[in-house]
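Notes for the one structure printed next.
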Amino acid sequence: MVPPRGEEGATWVRVALDVPLAGLFDYRAPAGARVGQRAIVPFGRREMVGIVIETPPAPALAVEQVKDVVQMLDDLPPFPDDWLKLAAFAADYYQRPLGEVMLPALPGPLRKPAAYQGQRAAGGPVARLDAKAARAAKPRRERRKKGVAADSEGVPTSEQSVPPPESLEATPATPLVSLPTLNAAQQEAVDALSGLSGFKPVLLHGVTGSGKTEVYLRVAERILREGRQVMLLVPEINLTPQLEQVFRRRLEAIAGTGGVAVLHSGLADGERLLAWLRAVRGQARVLLGTRLSLFTPLPDLGLIVVDEEHDPSYKQQEGLRYSARDLAIWRARDRGVPVILGSATPSLETWHHAQTGRYLLLSLPQRAMAAEPPRIRLLDTRNVKLQQGLAPPLLQAVAQRLESGEQSLIFLNRRGYAPVLHCDACGWVSGCPRCSAYMVLHRQPPRVPGGPGRHELRCHHCGWQQRVPMACPDCGNQDLQPMGRGTQRLEEHLGELFPGARVARIDADSTRRKGSAQELFARMHAGDIDILVGTQMVAKGHDFQNLGFVGVLNADAMLFSHDFRAPERLFAQLMQVAGRAGRAGTPAEVYIQTGYPEQPLYQALVRHDYAGFARYALRERESAGLPPFAFQALLTAEARELAQAQAFLAQARAWTEQPRADGTDSSQAADMSRITLYDPVPLRVVRVANVERAQLLVESDSRPALQGFLRAWAAVLPGLAATARVRWHLEVDPLEI
């Protein structure tokens, strides 16, 4: 309880809250409140959990205006200084309030006041979890006293202690599973990484199937034996089960049972809290997770690994728009530990840093199994009659693999049945009533087995759904036709062409149910699928041992995108999906259908020449003054009318030339000689869910100059937006423009 006003035994605290308002909030708390401690505080008409950032000698407001803390939370120790520094850096660099960085990074129960209030609170979610674990552990302890082996599958408890470093050093050097033999390049990489001390960013550039994971494991084993923790980041949830099995099998011999914790957004609140607690308490020595795992406090961090570092999934696209890869490098530097960035197709920024010596470059140029890389062939579709979008040589290759008992993968990064439904009579197309985009035709599964399927139109931008009209809404024509093809239509057609084959599809629609993605991938690994149709979900991280052929459709769609990063993404995507084939040592083929086979990107792909593609792409970037030779930020505005959004952006741009109160230009708040602000423009998809959107690009050849400008600019944008009645967000280092 907070002592009555006027009495001793109270202190002032400055608290970060998860609200879209700059600055911290002052409260009166009991004496002994510490920086990094959580507190329940009143905010407006509600109560919120916040984090104490400062304990000032006096509040910024008049004393009588400062409210009392409702409850100081002590079920966890205060957050450590290094975690507070990480959050503060992220908030400053990405121009977001500190509370919007800190609170969303915590498991849900730790930021809900209701979890600590009421008769059933029992001290909060941490205390309840510990009590439950203690009850589960009690029978095991009793069995141990009687000489009976404990159940290794029991719930981990806070009472379990972490072996001290000296006992970890005594762990046998050979884990309890057989180790693959390293090839020369792998051994060289392991030796180089094992010799590192302190902070060092390392690019591990290995072709697909080169054994990067084995290198991670060998280095992780050394870190664990030194008594330190390992953090491994992966880009997507569906990659975690496969890696989790590998890491548990190899590293729990050193880290102990339960020594590998997994964190991602697909976990229930209780599961995530348990894994988070084990990592924070040092009980889990290995943390495997997606981008949000980066913000987990780790007391003994010794190594960070960012697998598939090029993947755009590492960039958060809502709220705090951070790059987990970039923050991983900052955190490694702050903690003085190595960080490994692994990829077969590194981002051009990372490759540039490696070429200029900023990062250490280690290469794995060959596949670990001594297998030849798949042969890539370009199918020129300009003078070929396609059958439902499929070239005859591609279909022949699938038939040959079926005869030989091998699997085939047909890659089409477009889900749904068809991109659009149209009327031949009048030209009507299935536009979304809420967005400036088409609604995609989707096939729904039959309600009863063997019954007819049904179709619906669905917008992939706003989620609007409706039944397929019986006739054209404009002219009444009843013969509406699908235009183009998506994965559903492709799956259907391949089933008709190869009636004896087992055809399956993996995309966002077929994996909506929890666990369905794992089931489908397990079927593919077990050989229960002959032809797999998939989107980018199947393009990376999966080791399909019997996959002999990959066919790629519709790759040209990204060749001429307005987004300057599109060629880089396309090359990475195609190289990754091609790398799924031939991993068991058998010869494999990849056919890419294209109308532009002479493109340098495709020619580099045929040669498996990432370095050549990167040289070509970086020359283009440098001549155009684009990243990594420039630094960018993007201001986006949303309003009911496009003119309203563009007017706000124009006003934000004009602020740089307006006089300030002291008679100087506002632009003098930063070094504007190195800042370029472009004209406001509409987004490619202007309207989404009846909201119009526009953007303004800011560019500089200096990161410090850009940051200085953004700090000054971000201070005035809320006021301009309130007057213009628009929503806005500022993104630093945007991936999509």
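The values are calculated or read from the model by the stated rules, or taken from the named source; none is laboratory data. Just so we're clear, the structure is a prediction, and the values are computed from it rather than from any experiment. Neighbour counts run over all protein chains shown; Cβ positions are idealised from the backbone, glycine included. The accessibility values were calculated without ligands, DNA or RNA, using every heavy atom of the protein model including side chains. Shrake-Rupley method; radii C 1.70, N 1.55, O 1.52, S 1.80 Å.
Observations on the model:
- Separation of alpha-carbon centers, region 474-514 and region 358-434, rounded to whole Å: 15
- Relative contact order for the chain, counting Cα pairs under 8 Å that sit 6 or more residues apart, in percent: 10
- The Cys residues in the chain with no partner Cys Cβ within less than 4.7 Å of their Cβ are Cys462.
- For region 374-420: accessible area per residue (Å², 1.4 Å): 47
- Distance between the modelled labels on Asp479 and Ala136, one decimal in nanometres: 6.4 nm (7 Å Cα→Cβ projection).
- Full extension of the chain between Ala611 and Asp300 yields a length gain of 108.3 nm, computed as 0.36 nm times the residue separation minus the alpha carbon distance.
- Three-way shape call for region 257-364 based on the alpha-carbon gyration tensor, with the a/c threshold at 1.5: prolate
- Per residue accessible area of region 509-567, 1.4 Å probe, in Å²: 40
- DSSP beta bridge pairing in the chain, given as percent antiparallel to the nearest 5: 50
- Mean Kyte hydropathy of -0.5 or more with a Cα span along the axis of at least 27 Å, helices from DSSP in the chain: 703-724
- In terms of its C-alpha gyration tensor, region 458-540 comes out oblate, because a/c is 1.5 or above while a/b does not outweigh b/c.
- Solvent-accessible area, 1.4 Å probe, carbon plus sulfur percent, for the chain: 51
- FRET E, pair Asp269, Ala689, Förster distance 30 Å, beta-carbon r, rounded to 0.05: 0.60
- Listed residue pairs exceeding 21 Å between alpha carbons, taken from Lys315/Lys540; Lys85/Lys212; Lys85/Lys200; Lys67/Lys112: Lys85/Lys212
- Summarised in one figure, the compactness ratio Rg/Rh of region 1-129, Cα atoms and Kirkwood Rh, is 0.95.
- Working value for region 525-564: equivalent-ellipsoid semi-axes of 27, 11, 8 Å, each the square root of 5 times a Cα gyration tensor eigenvalue, largest first.
- Summary of the geometry: region 671-693 and region 570-612, compared by the centres of their Cα atoms, lie 35 Å apart.
- Segments 266-276, 121-131 sorted - mean Cβ within 10 Å per residue, highest first: 266-276, 121-131
- Here's how it looks for Val15: its modeled amide H is under 5 Å from those of Phe25, Asp26, Tyr27, Ile53, which are all 5 or more places away or on a different chain.
- Gap separating the Cα centres of region 201-246 and region 276-327, nearest whole Å: 13
- Residue-span extension gain [Ala31 to Val63] - 0.36 nm each, minus C-alpha spacing: 9.9 nm
- Distance in nm between pseudo-label sites at Gln644 and Asp82 (7 Å out along the Cβ direction from Cα): 4.8
- In terms of its C-alpha gyration tensor, the chain has an oblate overall shape, because the principal axis ratio a/c (a ≥ b ≥ c, square roots of the eigenvalues) is not below 1.5 and a/b does not outweigh b/c.
- Relative contact order, percent, region 468-589 [alpha-carbon distance under 8 Å, six or more residues apart]: 21
- Beta bridges per DSSP with both ends in region 232-348, % antiparallel, nearest 5: 10
- Share, in percent, of DSSP beta bridges within region 1-84 that are antiparallel, nearest 5: 90
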